[in-house]
Amino acid sequence: MACFFRRSVAAQLSRICGAPEDVLVPLLSAVPVSKKQSTPDLRLAVNSLVKNGVLSPDADLQTQTERLTKQLRVDAVVEEVISGRGVINFRINKRLLVEKVLEQLRAEPQSFGVQSELLRRLRRGRTLVEFSSPNIAKKFHAGHLRSTIIGNFIANLKEVLGNEVIRVNYLGDWGMQFGLLGAGFQRLGSQEKLRENALQHLFEVYVQVNREAEHDESVRLAAAEFFRRLEQHDEQTLSLWKQFRDITVEEYKKIYERLGVRFDHYSGESFHQSRAQEVLKELRTRRLLKTTEKGKGVVDLSAASDLSSYATLVRSDGTSLYITRDVAAALDRKERFHFDEMIYVTDKSQSVHFQQLFQILRVMGHHWAERCVHVPFGLVLGMSSRLGEVVLLEDVLNEARYRMQHNMQEAKTSKELTDPELTAEQIGVSALIIQDFKGKLISDYKFDWQKVLQAQGDTGVFLQYTHARLRSADTSESLDLQPRHLVNFLITLRYKPVMMMMMMMMMMMMMILQL
Ligand SMILES: NC(=[NH2+])NCCC[C@H](N)C(=O)O
């Protein structure tokens with residue numbers, strides 16, 4: 001159906017003004033979908049006809065616009081032609097639009113929504129997407145959940161568009177927190193609890209030892225000593241650290257699976273420790289690293305070379321920072337994966353960090369930094385569970401399942417199901433994902449379980465309900481869905497045209513998410 005609607009309008013226009021259809025098709029632009037009922041679907045800027053030599057530049061633009069509008073006819077494809085200021089708006093037949101969309105869905109179930117014609121014109125390459133990236137032993141906060149959902153979506157989208165995608169999880173697996181965790185575990189840890197519920201246990205030990213460290217100097221010293229031994233790669237210390245890391249990765253893999261998310265590489269800050277030192281050496285020899293009065297090592301990022309803006313890469317005690325490891329990680333990834341573009345997905349509080357990172361790479365002469373992007377998103381406020389504040393990803397997913405199952409019992413729908421828990425899990429996960437896509441990416445939002453799990457409206461629950469009904473025997477002949485059936489079904493749901501399109505888009509999204 002590529003350009004079906006545009007072509008049809010262009011054919012009419014071509015008959016009126018004599019220009020070939022191929023010239024006219026690209027001049028018709030799609031009007032972005034908005035909540036307003038009255039938005040048209042296609043728009044023609046009459047000026048573009050003048051620019052392309054189709055209309056004379058001498059006549060008054062508005063007069064030409066009005067005249068052309070009058071000459072255009074409503075037909076099976078176009079429902080309404082409306083003139084505006086120098087533009088002609090077209091409203092197309094929604095029923096036909098839905099039919100055409102469904103036709104394409106049936107014809108190309110694998111690449112639905114991505115026209116092969118469009119694909120051929122796109123620039124493709126190897127994309128590295130870094131997302132999720134939680135910190136071992138620390139809280140898995142809502143920001144990590146958003147990063148997981150959005151990052152996975154971007155990765156899927158890039159893949160569908162024909163790119164080779166590498167998914168990387170960059171764990172927070174190094175730093176002073178491991179000194180505390182290690183020292184704490186030696187005293188408070190239990191191998192048995194670690195086997196039973198590793199993430200929970202590590203978190204508990206970490207919280208406890210942090211509390212102690214606040215007023216106990218000896219705890220702080222033990223932590224510093226543990227981290228020092230870790231940095232010196234002392235075998236025993238390293239093996240405990242490795243155990244924490246391996247267990248964490250295994251646990252996370254299981255939880256990500258519930259979300260339908262996987263990674264090609266579990267990397268982390270630890271991997272770039274030694275490389276960070278090499279980066280510093282290189283920066284020093286190339287005189288890019290300056291030492292401040294307080295003894296910090298900084299890279300000047302100001303246009304006037306006056307240190308009015310700079311990034312700190314070395315503390316005064318010689319240790320590296322988060323950004324130093326990120327520079328090392330970026331260089332390492334470029335060498336290992338030869339990516340064409342790299343995308344980092346984190347909340348907006350790290351925007352400055354990534355802008356500085358890209359600037360440092362540029363200062364170092366790496367032009368590919370231009371093809372590194374940070375995708376920032378807004379913060380989520382107040383995500384909690386029955387037990388209080390959410391600390392683990394698993395808690396969020398369990399809470400969604402629990403609440404969903406409860407709602408299903410209330411609505412008495414669970415009785416008909418063979419495995420209500422599984423259904424609750426699947427709907428709960430959909431609900432979490434869909435609600436995250438609802439607002440603007442960059443806006444903060446307040447998390448509200450009731451809104452997330454609402455049965456009506458643009459929610460994951462309603463999406464799953466609709467999907468189930470579309471696939472059920474009474475709306476199709478044993479899954480052989482005819483576009484006409486679906487259209488009728490959508491219309492019986494009394495959907496407004498815009499809503500109908502939104503639903504189609506959501507269905508497409510689901511397919512991309514492989515839900
Ligand atoms: N390359 C990066 N710095 N990625 C983002 C990592 C996020 C970090 N672990 C955090 O929780 O804040």
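Taking amide hydrogens as placed 1.01 Å from N in the peptide plane, the amide H of T319 sits under 5 Å from that of no residue at least 5 positions away in sequence or on another chain. Close amide H contacts of L301 (hydrogens built in the peptide plane, cut-off under 5 Å, sequence separation of 5 or more or a different chain): S309, Y310, A311.
Given a 1.4 Å probe and heavy atoms of the protein chains only, how would you sort C372, C3, largest accessible area at the top? Display every interim value, and only then the final one.
Values: C372 10, C3 40 Å².
Output order, biggest surface exposure first: C3, C372.
Compute the helix-to-body angle for 94-107: its Cα long axis versus the longest principal axis of the chain, expressed 0 to 90° and rounded to tens. Helix 94-107 and the main axis of the chain meet at about 60 degrees. Under 5 Å between amide hydrogens, built in the peptide plane, is the criterion, and for T346 it picks out V375, F377 among residues at least 5 positions away or on other chains. Suppose the Debye formula is applied to equal point scatterers at every Cα of the stretch 329-371; what is log10 I(q)/I(0) at q = 0.13, 0.26, 0.29 Å⁻¹? Evaluating at q = 0.13, 0.26, 0.29 Å⁻¹ gives log10 I(q)/I(0) of -0.27, -1.01, -1.16.
Note on the chain: with charges restricted to the Cβ of Lys and Arg (+1) and Asp and Glu (-1), its dipole about the Cα centre is near 1420 debye.
Cross-link pairs exceeding 32 Å between alpha carbons, from the set K254/K348; K415/K451; K139/K412: K139/K412.
Taken over the chain, the ratio of Cα radius of gyration to 2.2 N^0.38 Å equals 1.20.
Ligands, DNA and RNA left out, the 1.4 Å accessible surface of the chain is 51% carbon and sulfur atoms.
Phi angles of the stretch 150-155 translate, via the Karplus equation with coefficients 6.51, -1.76, 1.60 and θ = phi - 60°, into HN-Hα couplings of 5, x, 5, 5, 4, 4 Hz per residue; Gly and Pro are given as x. Here the relative contact order of the chain, from alpha carbon pairs under 8 Å that lie six or more residues apart, stands at 12 percent.
Tell me the relative contact order for the stretch 2-92 as a rounded percent, counting alpha carbon contacts under 8 Å between residues six or more apart.
Working: 122 pairs, mean separation 25.1, N = 91.
For the stretch 2-92, the relative contact order is 28 percent.
Distance between the pseudo-spin-label points of S56 and K294 (7 Å out from Cα toward the beta carbon): 7.3 nm. Ordering L283, I442, V101 by the projection of their Cα atoms onto the charge dipole of the chain, which places +1 on the Cβ of Lys and Arg and -1 on the Cβ of Asp and Glu, puts V101 at the extreme positive end.
May I ask which residue of L24, V78, S48 lies farthest towards the positive end of the charge dipole of the stretch 2-92, with charges of +1 (Lys, Arg) and -1 (Asp, Glu) on Cβ and the Cα centre as origin? Result: V78, furthest along the dipole toward the positive end. Taking only Cα atoms, what is the 0 to 90° angle, nearest 10, from helix 393-410's long axis to the longest principal axis of the chain? Helix 393-410 sits at roughly 50 degrees to that axis. Phi-derived couplings, Karplus 6.51 cos²θ - 1.76 cosθ + 1.60 at θ = phi - 60°, listed residue by residue for the stretch 22-33: 4, 6, 7, 3, x, 7, 8, 10, 7, 8, x, 5 Hz, with x used for Gly and Pro.
The values are calculated or read from the model by the stated rules, or taken from the named source; none is laboratory data. Everything numeric here is computed off the predicted structure, so don't read it as measured data. Cβ coordinates were reconstructed from backbone atoms using ideal geometry, including for glycine residues, and neighbour counts include every protein chain displayed. Surface accessibility is based on the protein's heavy atoms, side chains included, excluding ligands, DNA and RNA. Shrake-Rupley method; radii C 1.70, N 1.55, O 1.52, S 1.80 Å.
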